[in-house]
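Taking it in order: structure first as structure tokens, then the write-up.
The values are calculated or read from the model by the stated rules, or taken from the named source; none is laboratory data. Just so we're clear, the structure is a prediction, and the values are computed from it rather than from any experiment. Here the Cβ positions follow ideal geometry from the backbone for every residue, glycine too, while neighbour counts run over all protein chains shown.
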Amino acid sequence: MKIDEFVMERWQSEWEHAVDYNISESGVKSLTLEELLSPEELVRLAKTNLGYIQTDGTQELKETICAHYTEAAPENILVTSGSAEANFLLMWSLIEPGDEVIFMLPNFMQIHGLMKSFGGKVKTFFLKEDLDWNPDLDELKTLVTKNTKLIVVTNPNNPTGGQLSEESRQAILELSRWADAWLVSDEVYQGAEYDGIITPSFWGSYKKAIVTNGLSKAYGLPGLRVGWMVAPPDIASTTWSYKDYTTITISALSDRLARIALSPEKRNSILERTRQIIRANFSILESWMDKQEGLFQCTPPRAGAIAFPRYNLDINATELAHRIREEKGVLIQPGDQFEVDYHIRFGLGEDAKFFITALDLVGEVLAELKA
Ligand SMILES: Cc1ncc(COP(=O)(O)O)c(C=O)c1O
């Protein structure tokens with residue numbers, strides 16, 4: 001089977017460790033084990049048995065995850081290696097060649113690439129900047145038919161940091177019900193909201209809603225590779241059997257650490273740290289953009305360690321990103337990798353000082369281009 005290159009992921013894989021300043025990440029600066037655990041917890045962790053664990057996730061972790069959803073039980077949960085594996089297993093098990101599937105843009109393009117590879121006929125709709133990164137609902141209506149098998153959204157969204165309004169959520173639910181389609185919502189940025197109000201999950205709003213999530217973004221724990229799906233029991237169990245062919249299970253250490261990270265007190269302090277980082281860095285970005293004399297327009301993000309401003313220069317985003325990387329050793333994420341050119345995705349998860357230095361270097365390239 002041929003696959004399309006996953007351009008954004010390739011970009012990061014190739015360059016993120018080869019630059020001095022990586023401000024292309026979409027999650028907050030990752031935590032160390034010492035920051036996550038108390039000394040006593042660290043000692044207890046050393047006793048973890050490094051065997052295989054229950055391959056769909058330990059009962060304890062599934063119960064911990066369930067507590068964050070209304071009316072979810074352990075049989076609704078499949079624990080996966082990152083939310084990326086949950087997305088993969090869903091597409092692999094749900095899509096048959098010729099299926100009509102609908103995908104939101106701009107977006108993290110994993111599911112888009114998978115849908116195409118598994119033979120789906122992909123229709124796309126765009127979030128609109130002038131609608132605060134919400135879809136044009138009339139346009140969306142024209143795409144959905146009685147043959148639509150699957151509608152996929154990412155909420156909160158990557159790369160825009162936008163959140164679906166209640167009106168958009170209800171319209172998407174209504175369309176899914178009308179078409180009797182699966183509604184898959186990637187919610188991996190949930191928990192990183194600026195206003196501290198957790199983005200409502202699609203789980204529980206519709207019998208064919210499936211959500212994916214994980215610890216990589218709002219929790220700053222991407223190296224644990226912990227994700228999950230919440231799905232009707234038959235989907236959770238079918239995808240579990242598909243997982244027998246992929247990673248079998250997550251590691252015992254990750255399962256244990258995930259339970260700790262998701263415990264109420266720890267989770268609150270992790271998410272508070274996340275909010276502080278993104279609020280501080282977005283305000284740095286705003287002041288920096290103000291100094292660029294009208295070069296940028298930015299709809300403020302509502303969630304996620306990302307902002308997605310438009311720039312007014314006649315240079316393609318990938319070309320601009322290469323130039324910034326080659327000349328200044330700074331990695332940014334070009335908007336055309338998300339199908340929206342003339343935009344840059346800035347990662348807002350790093351230390352403030354690091355971020356300011358990186359932005360100043362980006363500013364030097366922009367000044368040359370303007371001159
Ligand atoms: C929307 C979205 N989903 C899934 C992922 C994959 O994350 P992970 O597998 O680390 O949970 C990413 C990573 O950037 C993402 O942006």
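Results, tabulated for the structure shown:
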read-out	value
Within the range 338-359, tally of residues that are in a helix (DSSP H, G or I) and touching a residue at least 24 places away in the same chain (Cβ under 8 Å)	8
Any hit, the range 124-138, residues being charged (D, E, K, R) and within 22 Å of GLU25 (Cβ to Cβ)	no
Complete set of residues in the range 1-31 that are assigned to a strand (DSSP E or B) and either of a type in the set (S, T, N, Q) or modelled with pLDDT under 95 (or both)	ASN22
Residue check for LEU89: assigned to a helix (DSSP H, G or I) and within 16 Å of the ligand (Cβ to nearest atom)	yes
Where GLU272 falls short, out of the listed (1) touching a residue at least 24 places away in the same chain (Cβ under 8 Å); (2) away from the ligand (no atom under 13 Å from the Cβ); (3) closer than 26 Å to SER165 by Cβ	(1)
Test: residue in the range 109-130 that is surrounded by fewer than 21 Cβ atoms within 10 Å (Cβ to Cβ), under 27 Å from ILE198 (Cα atoms), at pLDDT below 95 and outside the structural domain of ASP341 (by TED's automatic domain parsing)	no
Residue in the range 126-137 that is within 24 Å of ARG302 (Cα to Cα), within 14 Å of the ligand (Cβ to nearest atom), within 22 Å of the chain's Cα centre (by Cα) and not in a loop (DSSP other than H, G, I, E, B) present	yes
First in the range 203-217 and more than 8 Å from the ligand (Cβ to nearest atom), second anywhere and at pLDDT below 95, Cβ under 8 Å, 6 or more apart	TRP203/THR70; GLY204/THR70; GLY204/GLU71
Selected residue (only one of THR58, THR32 is closer than 21 Å to ALA305 by Cα, of a type in the set (S, T, N, Q) and more than 16 Å from the ligand (Cβ to nearest atom))	THR32
Of all residues in the range 148-166 being part of a loop (DSSP other than H, G, I, E, B) and within 11 Å of the chain's Cα centre (by Cα), the one that is nearest to the ligand (Cβ to nearest atom)	ASN158
Helices (runs of 4 or more DSSP H) contained in the range 221-337 and holding at least 1 residues buried (at least 17 other Cβ atoms within 10 Å of the Cβ) and touching a Ser or Thr at 6+ places or on another chain (Cβ under 8 Å)	233-243, 252-261
Of all residues in the range 61-86 being part of a loop (DSSP other than H, G, I, E, B) and within 16 Å of the ligand (Cβ to nearest atom), the one that is nearest to PRO200 (Cα to Cα)	HIS68
Filter result for the condition that a residue is polar (S, T, N, Q) and within 30 Å of GLY119 (Cα to Cα), over ASN22, ASN76, ASN49	ASN76
Test result for ASN107, within 22 Å of ALA181 (Cα to Cα) and assigned to a loop (DSSP other than H, G, I, E, B)	yes
Near pairs, Cβ below 8 angstrom, 6+ apart or cross-chain, from the range 73-95 (in the same structural domain as SER251 (by TED's automatic domain parsing)) to any residue that is of a type in the set (Asp, Glu)	PRO74/GLU63; ILE77/ASP56; LEU78/ASP56; VAL79/ASP56; VAL79/ASP255; SER83/ASP186; ASN87/ASP186
Per-region count, the range 194-220, residues outside any loop (DSSP other than H, G, I, E, B) and either more than 18 Å from SER269 (Cα to Cα) or of a type in the set (Ser, Thr, Tyr) (or both)	5
